[in-house]
Number of protein chains: 4
Amino acid sequence: MSVLVQEPSSRSRRTYKRAAERREQILDCALEAFSESGYHQTSVADVCQRAGIGRGTLYQYFEDKRDLLVALAERIAGRITDLVDKRPRLQIPDGLKPTGDEAVAFIQDRFVEFLTVIFEDEATARVILKAGRGADGVVDQILRRIDERVVGVIEADLRAAIDAGIVRPLDERLVARFFMGGVEKLVLSCLDDDRPIDIENIAREAAVLEARGILAD
Amino acid sequence: MSVLVQEPSSRSRRTYKRAAERREQILDCALEAFSESGYHQTSVADVCQRAGIGRGTLYQYFEDKRDLLVALAERIAGRITDLVDKRPRLQIPDGLKPTGDEAVAFIQDRFVEFLTVIFEDEATARVILKAGRGADGVVDQILRRIDERVVGVIEADLRAAIDAGIVRPLDERLVARFFMGGVEKLVLSCLDDDRPIDIENIAREAAVLEARGILAD
Amino acid sequence: MSVLVQEPSSRSRRTYKRAAERREQILDCALEAFSESGYHQTSVADVCQRAGIGRGTLYQYFEDKRDLLVALAERIAGRITDLVDKRPRLQIPDGLKPTGDEAVAFIQDRFVEFLTVIFEDEATARVILKAGRGADGVVDQILRRIDERVVGVIEADLRAAIDAGIVRPLDERLVARFFMGGVEKLVLSCLDDDRPIDIENIAREAAVLEARGILAD
Amino acid sequence: MSVLVQEPSSRSRRTYKRAAERREQILDCALEAFSESGYHQTSVADVCQRAGIGRGTLYQYFEDKRDLLVALAERIAGRITDLVDKRPRLQIPDGLKPTGDEAVAFIQDRFVEFLTVIFEDEATARVILKAGRGADGVVDQILRRIDERVVGVIEADLRAAIDAGIVRPLDERLVARFFMGGVEKLVLSCLDDDRPIDIENIAREAAVLEARGILAD
DNA sequence: CATGAATGAGCTTTCATTCAT
DNA sequence: CATGAATGAAAGCTCATTCAT
């Protein structure tokens, strides 16, 4: 499953890597380990074993166990920030009519695309939504920063849509949070039941729900 | 040492009662401690100190630290189950028209009432939403059971509303989860920012959102 | 040899002690261990084994390993301070003639008595003169304080003797230090050669030397 | 094992010299480091950094960390041995009268000269008197050897002076040790207070003290 | 030869749990 | 029942030493 585990053929043979590479590899293993068992249940030895390195090696790249989690959270935060920054601003096509199916489809597409990138990696989703939670104050803050980032994107979209008259005036921040929470819950239920995250479907359903509400026409 | 007054005469029933009381008191302290610092950051000694008892005493009421959390989670689950069981089935008033403001108001009222009881206690909310998360497999299951319970109620409501033609046909479970996730996120954002949980407002906003969606009319 | 080691009959049986007693016992064992092998060569486990206690027990009485040494040094400092405080001021007997044998004898007696109490315990001497040295900044300071204390006493004696005209005017502090250094070196040479510290003889010799000098009459 | 041999063609002497130079340089850095922070507080990495070499390089010149200290101690021992060997035997000038000022002055000069060379270098003094102490059995022995050497010189002087009738008969070894101890203590007090070692003054004071004693005439 | 990434034995320290009092 | 001193498994972490490059 994992490319990270050391080949068992040449036991106890040292492997040399470039610093950056090794760091990434350790983070990969930490991601795996933390996502599988949670932060506290994972020992430093666990992570090292997965990476096929000695205990001391890890401490050449990270201050301590907490720093490992912080670094991991920051890597995730960085990636999401990149995504967010690269994302084009919402451009409402001319003549798009609100309430129409077109509007729903349009919203759907944007979210499917966005959420796909964020939640496509199950391990990362696990760390963001479960493993990292409550483990440590600093980490919590980073996770919250990630959250703010993502929510901020949705918020911006909402604002633009309101300006364009597609969406009715509302508290964008609150709605963005609500939406994000709903999606996260659906993702979480996948994780909890060990179902694969069908993020495309989730995003699609969520978008419809959000757009139309639940009332009968 | 104990604040619970000493009554040496006829101890039998009272002792039992005392024991139960003591157990409750310990759980109260555990709730407090866990909600403040999280499960792993809280030591058994911490809980005992709050309860004003010796370390050993706690172990006469609980198997181990995990059992303490399990018991706490079960107490919460029990309380919510009670709520759920006491809750009257959804009775759609005759002649209620879908899409109308009346329908929205009706839904709102039901949810405000329900969510208020679940999230009114901040400490409990903290344990359900943060402290207990990822602490332990068994506890996770209990929390999930609580969740299922709550989601189940919403689901049932939805089903009834669909049958009554107020709500359009949809995947009730998914929608219930989405709704619950949205509300939880809003509650969480209060906890994270140390704002009081204005559950009434949250429930109200969430209900409108869910009913009408976000699209302009 | 040592009264401290646990009786081997009832293995792994817990022993309970009063806090103060246990603390003293641990300090006794630490004294033994540090004096035998030096601070760095001694592991916390060593000390615990000698005391017949579990590792954790030590940490109920001392912050960490360093704190153990600090406490030990402070205990020694306290004892010496007590000695010093109890020591009567130098009273020059009337009509004592300088340069005479009586003066030498008088000085001798005072020092023999004083140094005996300080250096009679070999283990303590070892810690003061060897094991504690350079182990840690804080400990160094305490040891220096002990030193200052002892040197201060000699200094005071010298001053009184100068005032009485028995001793010629000189830099009392410097001379006191020189004297103390000389004595310590003699004690050290006993420790190094595993000879018992014949402090009486050392003090006697040192006093003569200091009083008369080495020149032929 | 040793890097010192190796003589292929013309490079021989230079290579040899380079290796020896490098060794010396490492020892210099070790001296610096050990004297500043003590043996245990100094890491191998620290020494290497000061020397501007990689960690592995050090191990081509020294077996291990202890060997580094041993080598350092031996270098110091060697230098002192050289000093001692070069030192002319005590020649009592004809007609020197005991107890006279001349005798004191004579003794003074000899000691000032001798001690100056031993303690002039503060870093070395620190290692001999503090850093090396109690660090390791083998090193302790070397330091003791140095001590014996120095004490031996004083002892020999004393013996000669006794033979010449300048100094009264006494236990030369004991007196030499006492004297050395006294001087060391004075030097130590400089180190502890971060005062420069005014060895000339110390030696002078010590010599007077030793010669005349403290009693009033 | 030089390097510094990699190593892991060994140590300190924590804390849930036990048990003599 | 209650206690809290005692426990020791288990974890984190350090750093002298090795070795592939």
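The values are calculated or read from the model by the stated rules, or taken from the named source; none is laboratory data. Because the structure is a prediction, the values reported are computed rather than measured. For neighbour counting, all protein chains shown are included, and Cβ atoms are generated from backbone atoms with ideal geometry for every residue, glycine included.
At-a-glance table
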quantity	calculated
Residues located in region A:195-217, provided they are part of a loop (DSSP other than H, G, I, E, B) and at pLDDT below 85	A:GLY213, A:ILE214, A:ALA216, A:ASP217
Conditions (1) more than 11 Å from DNA strand E (Cβ to nearest atom); (2) modelled with pLDDT of 95 or more: number failed by B:THR57	(1)
Region D:60-77: number of residues that are within 14 Å of another protein chain (Cβ to nearest Cβ) and either within 16 Å of DNA strand E (Cβ to nearest atom) or basic (Lys, Arg) (or both)	2
Count of residues meeting criterion [surrounded by fewer than 22 Cβ atoms within 10 Å (Cβ to Cβ) and modelled with pLDDT under 95] in region B:24-40	3
Residues located in region B:29-40, provided they are within 13 Å of DNA strand F (Cβ to nearest atom) and either in contact with a Leu (Cβ under 7 Å, 6 or more places away or on another chain) or in contact (Cβ under 8 Å) with a residue 60 or more places away in the chain (or both)	B:HIS40
Identity of the residue in region D:41-65, of a type in the set (A, V, I, L, M) and crowded, with 16+ Cβ neighbours inside 10 Å, that ends up nearest to DNA strand F (Cβ to nearest atom)	D:VAL44
Residue satisfying condition, being more than 13 Å from the chain's Cα centre (by Cα), within 11 Å of chain A (Cβ to nearest Cβ) and among the acidic types (Asp, Glu), within set B:GLU205, B:GLU155	B:GLU205
Subset tally (residues that are at pLDDT 90 or above and of a type in the set (Gly, Ala, Ser)) for region B:131-156	2
Residue, farthest from A:ALA207 (Cα to Cα), within region A:184-195, restricted to residues that are within 7 Å of chain B (Cβ to nearest Cβ) and either touching a Leu at 6+ places or on another chain (Cβ under 7 Å) or surrounded by 18 or more Cβ atoms within 10 Å (Cβ to Cβ) (or both)	A:SER189
Residue, surrounded by the fewest Cβ atoms within 10 Å (Cβ to Cβ), within region D:162-179, restricted to residues that are at the interface with chain C (Cβ under 8 Å from one of its Cβ atoms) and part of a helix (DSSP H, G or I)	D:LEU174
Among residues of region A:91-134, those that are away from chain B (no Cβ under 14 Å), closer than 19 Å to A:ARG204 by Cβ and not in a helix (DSSP H, G or I), counted	1
From A:VAL117, A:VAL139, A:VAL150, A:VAL70, residue being β-branched (Val, Ile, Thr), without any contact (Cβ under 8 Å) to a residue 40 or more places away in the chain, out of contact with any strand residue (DSSP E or B) (no Cβ under 8 Å at 6 or more places or on another chain) and closer than 29 Å to A:GLN41 by Cβ	A:VAL117
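Conditions (1) over 17 Å from D:LEU129 (Cβ atoms); (2) over 23 Å from the mean Cα position of the chain (by Cα); (3) part of a helix (DSSP H, G or I), marked per residue:
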site: D:LEU27; (1), (2), (3): yes, no, yes
site: D:LEU31; (1), (2), (3): no, no, yes
site: D:SER35; (1), (2), (3): no, no, yes
site: D:HIS40; (1), (2), (3): no, no, no
site: D:GLY56; (1), (2), (3): yes, yes, yes
site: D:GLU63; (1), (2), (3): yes, yes, no
site: D:ASP67; (1), (2), (3): yes, no, yes
site: D:ALA71; (1), (2), (3): yes, no, yes
site: D:GLY78; (1), (2), (3): yes, no, yes
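Listed here are the residues, each with its yes/no results for (1) within 16 Å of DNA strand E (Cβ to nearest atom); (2) surrounded by 15 or more Cβ atoms within 10 Å (Cβ to Cβ); (3) more than 21 Å from the chain's Cα centre (by Cα); (4) under 30 Å from C:ALA33 (Cβ atoms).
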site	(1), (2), (3), (4)
D:ARG89	no, no, no, no
D:LYS97	no, no, yes, no
D:GLN108	no, yes, no, no
D:THR124	no, yes, no, no
D:ALA131	no, yes, no, yes
D:VAL139	no, yes, no, yes
